[in-house]
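Undergrad: This is the structure I want to talk about, given as structure tokens.
The values are calculated or read from the model by the stated rules, or taken from the named source; none is laboratory data. These numbers were taken from a predicted model, which means no experiment stands behind them. Neighbour counts are summed over all protein chains in view; Cβ atoms, including those assigned to glycine, are modelled from backbone coordinates with ideal geometry.
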Amino acid sequence: MSTHHHLQSGRRRLSSHHSLDAADDYVAGYAILGSASIARKLWKAMFMSGNSRVVCVASRDTARAQAFIDECQALLPFPQAPEAVEGYEAALARDDVQCVYIPLPTALRKEWVLKAAASGKHVLVEKPVGLNTEDVQEMIQACIKHNVHLMDGVMFMHSARLQLLQKTLPSLGPLRRINSEFCFKANEAFFQSNIRCSSATEPLGCLGDLGWYNIRLTLWAMNWYLPVRARGCVLKENADGVPYEFSGELLFESGCSATFFCSFLTHETQLAVLNGEEASVQYSDFVLPLPGRYLYFDVNHQSYQQEGLDQVVHSYSERHHVQEAGYGHPSAQEACMVRHLSDLSREGAGRPPSGPSRC
């Protein structure tokens, strides 16, 4: 059994692959701090969003920033080429920057989120947002104080599929169990040189890099109720104590329990299963969607019956689709994320947001 859904998800219609209707000319200017690998994906997301542009890329080394710009501009050129600027402060001081994207190492994020907020810039920051709860709370309070938005880089939160899943959850009955796994098998070069293995820059290791998504999905499914009990186990770590493999369990007041597993050592997996009293949902690309024009999840039903001398399992599934590209398209979740923050930044420009329903 299959159902098909074509969701606009509150998005404004795009007159081309990268422009809004002519009646709305607001475009948010972004500064990118640093040239991390993930920033290439965000360059494309900003290009595809239709209401955003890269104004500048900041680095301590302007040659490095210019090389990043040249590489990205050659593939997806903005009409006005972004500038390479020396130092992050110079980017924050610009009047043509409304939003700042911060993909810096986690150990540096707090400093630059606080400075961006104090400069009146809306902030898109990579995950994990901070090293600990106290740092994250300080960032949140700074953004509240300076009346700017703070958004983390969890792209699936802006997917039309998640909106459809939210509408489907009640049909599962009360949730009893949530399980998610997000893993990839890193090579030796990763362990030798990637900052995600450094206790100085990324001490949370796989828990911060991957487990952030597991926990986000769980809390979203639980309507943001926090667990009453939590426990975790570092299954593998390096000599400096950086987690390479982690397993966690959460227990909620409703009786629902959740488990998650994240690893730099295990074959690529991104499985999510939500079990209710009446049915379950499962999909195998909950963080990074598979390529294609549609995203989906399966609602599964099973029953056990005694038929004569046999115990028979009856099973059927419903596949729910949304028309949303897996990546690299205006409908993709990363473009929706940027579009959402840019839309929110309209308020700071004296413009009303487009409406109550956004990506």
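Undergrad: Being under 18 Å from Ser263 (Cβ atoms), β-branched (Val, Ile, Thr), in the same structural domain as Asp285 (by TED's automatic domain parsing) and out of contact with any Lys or Arg (no Cβ under 7 Å at 6 or more places or on another chain) narrows it down to one of Val234, Val228, so name that one.
TA: Val234
Undergrad: If I filter the range 215-227 for residues that are over 19 Å from the mean Cα position of the chain (by Cα) and among the polar types (S, T, N, Q), do I get at least one hit?
TA: Within the range 215-227, none of the residues are over 19 Å from the mean Cα position of the chain (by Cα) and among the polar types (S, T, N, Q).
Undergrad: Which one of these does Arg109 not meet: (1) surrounded by 22 or more Cβ atoms within 10 Å (Cβ to Cβ); (2) in the same structural domain as Ser35 (by TED's automatic domain parsing); (3) touching a helix residue (DSSP H, G or I) at 6+ places or on another chain (Cβ under 6 Å)?
TA: So the condition that Arg109 fails would be (3).
Undergrad: Out of (1) surrounded by 15 or more Cβ atoms within 10 Å (Cβ to Cβ); (2) under 30 Å from Cys99 (Cβ atoms); (3) in contact with a helix residue (DSSP H, G or I) (Cβ under 9 Å, 6 or more places away or on another chain); (4) of a type outside the set (Phe, Trp, Tyr), what's the single condition that is false for Ala200?
TA: Only one criterion in (1) surrounded by 15 or more Cβ atoms within 10 Å (Cβ to Cβ); (2) under 30 Å from Cys99 (Cβ atoms); (3) in contact with a helix residue (DSSP H, G or I) (Cβ under 9 Å, 6 or more places away or on another chain); (4) of a type outside the set (Phe, Trp, Tyr) is unmet by Ala200, namely (1).
Undergrad: Still on this structure: Scan the range 24-39 for residues that are of a type outside the set (Val, Ile, Thr) and either surrounded by fewer than 17 Cβ atoms within 10 Å (Cβ to Cβ) or outside the structural domain of His122 (by TED's automatic domain parsing) (or both) and report the count.
TA: 4
Here is a yes/no grid of residues against (1) closer than 30 Å to Asn300 by Cα; (2) in contact with a strand residue (DSSP E or B) (Cβ under 7 Å, 6 or more places away or on another chain):
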| site | (1), (2) |
| --- | --- |
| Ala81 | no, no |
| Glu89 | no, no |
| Leu114 | no, no |
| His122 | no, yes |
| Leu131 | no, no |
| Val136 | no, no |
| Met151 | no, yes |
| Phe156 | yes, no |
| Arg161 | yes, yes |
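Undergrad: Working only within the range 118-137, note down all residues that are of a type in the set (A, V, I, L, M, F, W, C) and more than 20 Å from the chain's Cα centre (by Cα).
TA: The answer is Ala118, and nothing else.
Undergrad: Now for a separate question. Just give me the residues in the range 253-295 being buried (at least 21 other Cβ atoms within 10 Å of the Cβ) and not polar (S, T, N, Q), in sequence order.
TA: Scanning the range 253-295 gives Cys256, Ala258, Phe260, Phe261, Cys262, Phe264, Ala272, Leu274, Val281, Phe286, Pro289, Leu295.
Undergrad: If a residue has to be modelled with pLDDT under 90 and either in a loop (DSSP other than H, G, I, E, B) or over 16 Å from Val27 (Cβ atoms) (or both) to count, how many in the range 329-359 make the cut?
TA: Residues that pass the stated criteria total 10.
Undergrad: Among the numbered conditions (1) out of contact with any Asp or Glu (no Cβ under 9 Å at 6 or more places or on another chain); (2) touching a residue at least 12 places away in the same chain (Cβ under 8 Å); (3) of a type in the set (A, V, I, L, M, F, W, C); (4) closer than 19 Å to Val154 by Cα, tell me where Cys262 comes up short.
TA: If we test Cys262 against (1) out of contact with any Asp or Glu (no Cβ under 9 Å at 6 or more places or on another chain); (2) touching a residue at least 12 places away in the same chain (Cβ under 8 Å); (3) of a type in the set (A, V, I, L, M, F, W, C); (4) closer than 19 Å to Val154 by Cα, just (1) comes out false.
Undergrad: Among the residues of the range 298-307, are any under 30 Å from Lys41 (Cα atoms), outside the structural domain of Lys41 (by TED's automatic domain parsing) and touching an Asp or Glu at 6+ places or on another chain (Cβ under 6 Å)?
TA: no
Undergrad: With respect to Trp220, determine if the residue is closer than 22 Å to Phe286 by Cβ and buried (at least 19 other Cβ atoms within 10 Å of the Cβ).
TA: no
Undergrad: Identify, by number, the condition in (1) closer than 23 Å to Leu108 by Cα; (2) in contact (Cβ under 8 Å) with a residue 60 or more places away in the chain; (3) among the acidic types (Asp, Glu) that Glu237 doesn't meet.
TA: (2)
Undergrad: Another question, then. Out of Val242, Val313, report the one residue that is at pLDDT 95 or above and either assigned by TED's automatic domain parsing to the domain that holds Phe190 or surrounded by 19 or more Cβ atoms within 10 Å (Cβ to Cβ) (or both).
TA: Val242
Undergrad: Restricting attention to the range 234-250, report how many residues are farther than 20 Å from Ala200 by Cα and over 24 Å from the mean Cα position of the chain (by Cα).
TA: Residues flagged as farther than 20 Å from Ala200 by Cα and over 24 Å from the mean Cα position of the chain (by Cα) within the range 234-250 amount to 1.
Undergrad: Now for a separate question. For the condition at positive phi and either touching a helix residue (DSSP H, G or I) at 6+ places or on another chain (Cβ under 7 Å) or not basic (Lys, Arg) (or both), what is the one hit in Gly232, Gly248, Gly276, Gly241?
TA: Gly241
Undergrad: Kindly check whether there is at least one residue in the range 65-81 that is under 20 Å from the mean Cα position of the chain (by Cα), crowded, with 21+ Cβ neighbours inside 10 Å and at pLDDT 95 or above.
TA: no
Undergrad: While we're here: In the range 240-269, which residues are touching a Leu at 6+ places or on another chain (Cβ under 7 Å) and not in a strand (DSSP E or B)?
TA: The answer is Cys256, and nothing else.
Undergrad: Only residues that are surrounded by 21 or more Cβ atoms within 10 Å (Cβ to Cβ) and more than 21 Å from Ala332 (Cβ to Cβ): list them for the range 151-171, please.
TA: Selection gives nothing.
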